[in-house]
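Everything on this sheet refers to the single structure shown next.
Every read-out reported here was derived from the displayed coordinates using simple, explicitly stated rules and does not represent laboratory data. Quick caveat: nothing in here was measured; it's all calculated off a predicted structure. Don't worry about glycine lacking a Cβ; one is built from the backbone with ideal geometry, like all the others, and counts go over all protein chains shown.
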Amino acid sequence: MLRGHMATAAVTLLWLGVLPLFAQNLDFSYHNFGQMEAVLKKFNSNYPSITFLHSIGKSVEGRDLWVLVVGRYPNKHTVGIPEFKYVANMHGNEAVGREILLHLIEYLLTGYQSDANVTQLITNTRIHIMPSMNPDGFEASSYLDCDSTNGRTNKNGYDLNRNFPDAFEQNTDTIQPETQAVINWITNESFVLSANFHGGAMVASYPYDNSYTTPPDNDVLQYLAQLYAKNNDKMYSGMSCPSSIGFNNGVTNGANWYKIRGGMQDYNYIFSQCVEITLEVSCCKYPDAATLQGHWNDNKVSVVEYMKQVHMGIKGQVLDTNGKPIQNAVVDVQGRLRICPYRTNKNGEYFLLLLPGTYTFNVMMLDKSMVKTITIPQSSTLSAMTYNFQFTETTSSPLPATGSCTLNGSNSSGSTLQVCLIMFFLRTVLVLLYNIL
């Protein structure tokens, strides 16, 4: 009788597209490109209702840049559900993050409908996971190599974490296929929060990477980095690596560690309004495979708790007088104006990561503006506070919105910084005048 019930349950789970991976049990070893591809395709095949596997482009040598999406509605964006992403292995010889993300996928999929926390996370979030941004570099890297640069760059010899457009300094390097694919991906999705994985140190690093100025969301950025580090005992201890100093509580500002031009972290935060931090998760860049289970155990809680933070703060839509969504409306928070103004997506949505507290919002479209003061409470659920800003006919004292600050992948604009800073200055002056008047 029990056997019959088990068979019925298995058929039901198969029909739902969530058959557990009884036969898979991902091993703790390094997976080359072909093996990684097979693992991702198997995940997608076993869980078709909550996964979507797609390639966002190809590497220099023609390898697919695979992304597995996990969510209740994995194939497309759903209004109200935030987009989250993890990217690993952009330096091909920094291999631990690649395997952590494969095990994270397995953890999420096998926990769906059996673990309440995982089920809630998948139901309320669209999670994008790219285990390898630089598959060519990984194939060229050397096993048990802790410190060399073999495989760090892509096949053309470019460091992909120096290859993005930069708001603070002209970056004349030719954008590489892998970088362009990620830029296109970012442009086509409304990412809210992300992190990228590296190796060679033990630290959570937050923006800016190429400026000593304090970012407008510094409190949120520090909170996110600290949250990741606190859930990783080795990182939080501030342990030193042979090639890297230790860090106070496992956290650092990027530029205070060392400045870089063209980093992915700053590009996400400034140009795509996606908050991102960088995670250095192993002293050795390509350690013995025997250490991989330990690295997964060290990071397991952190990677899940960090994902949950995509639900902090406030979200909603900006609507016109008829209740229709407004695309490209500016949503500014007084006291934390970004270099590029935060703009609503094609559904009129905004997602702002903010700590609990009271904030004043300046919401602007071409001919109207409004100011609202809102208190964001502490929340224990996986859902940000929802508030829709709707314009009315009586809205007065219009505050004009500024133009877009998007680079669309161009790495050749020498005036990028000037344009961004001029826009930032003008917007600040307009907001101040509006509040005075």
- Task: Could you give the size of the charge dipole of the range 25-311 about its Cα centre, using +1 on the Cβ of each K and R and -1 on the Cβ of each D and E, expressed in debye and rounded to the nearest 20?
- Result: 500
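How long is the gain from N218 to K259 if the chain were fully straight, where each residue apart is worth 0.36 nm and the alpha carbon distance is subtracted?
Numbers: separation 41, 0.36 × 41 = 14.76 nm, distance 1.71 nm.
Gain on stretching N218 to K259: 13.0 nm.
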- Along the principal axes of its C-alpha atoms, what lengths does the range 218-356 span, in descending order and rounded to whole Å? 60, 29, 27
- Message: Could you give each residue of the range 324-338 its phi-based ³J(HN,Hα) in whole Hz, using Karplus coefficients 6.51, -1.76, 1.60 with θ = phi - 60°, and x for Gly or Pro?
- Response: 8, x, 10, 7, 6, 5, 8, 10, 9, 10, 4, x, 8, 6, 7
- Note on the structure: At 10 °C in a medium of viscosity 1.306 mPa s, the range 25-311 has a Stokes-Einstein diffusion coefficient, with Rh taken as the Kirkwood radius over alpha carbon pairs, in µm² per second, of 85
- Note, the range 67-80: 3J(HN,Hα) by Karplus (6.51, -1.76, 1.60, θ = phi - 60°), whole Hz, Gly/Pro = x, goes 10, 9, 9, 10, x, 5, 10, x, 7, 7, 5, 10, 4, x
- Message: Just to be sure I understand the model, the point goes 7 Å from the Cα along the line to the Cβ. What's the resulting T392 to K58 distance in nm?
- Response: 5.7
- Under a plain spin-label model, where a point goes 7 Å from the Cα along Cα-to-Cβ, how far apart in nm are N184 and T172? 2.7
- Note on the structure: Filtered hits (aspartates and glutamates, Cα-Cα < 14 Å from K372, offset >= 8 within chain) -> D332
- What are the principal axis extents of the Cα atoms in the range 211-268, in Å, biggest first? 28, 25, 17
- May I ask for the percentage of alpha-carbon pairs in the range 59-110 that lie more than 18 Å from each other? 45
- Message: So the label point goes 7 Å from the Cα of R72 along Cα→C-beta, right? Which residues of the range 192-211 then have their backbone N under 17 Å from it?
- Response: none
- Beta bridges per DSSP with both ends in the range 178-328, % antiparallel, nearest 5: 45
- Query: In sequence order, what are the phi-derived ³J(HN,Hα) couplings for the range 288-304 according to the Karplus relation 6.51 cos²θ - 1.76 cosθ + 1.60 with θ = phi - 60°, rounded to whole Hz, with x for glycine and proline?
  - Reply: 4, 4, 5, 8, 5, 5, x, 5, 4, 4, 5, 9, 4, 5, 4, 5, 6
- Among Y267, Q176, N231, the residue whose Cα sits farthest towards the positive end of the charge dipole of the range 134-275, when +1 is placed on the Cβ of each Lys and Arg and -1 on the Cβ of each Asp and Glu, is N231
- Message: Give me the one-decimal nm value for the distance between modelled label points at N347 and F28, 7 Å along each residue's Cα-to-Cβ direction.
- Response: 3.9
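Ranked by Cβ crowding within 10 angstrom, fewest neighbours first, how are V303, V96 ordered?
Going from sparsest to densest Cβ surroundings: V303, V96.
Please compute the alpha carbon radius of gyration of the range 331-381, then divide it by the globular-protein estimate 2.2 N^0.38 Å. Two decimals is fine.
Details: Rg = 11.9 Å, N = 51, 2.2 N^0.38 = 9.8 Å.
Scaled against compact globular proteins, the figure is 1.22.
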- Task: May I ask you to compute the full-extension gain from S148 to N248, defined as 0.36 nm times their residue separation minus their alpha-carbon distance, rounded to one decimal in nm?
- Result: 33.4 nm
- Note on the structure: For G57, other-chain or 5+-apart residues with amide H closer than 5 Å (H placed, Pro excluded) are L65
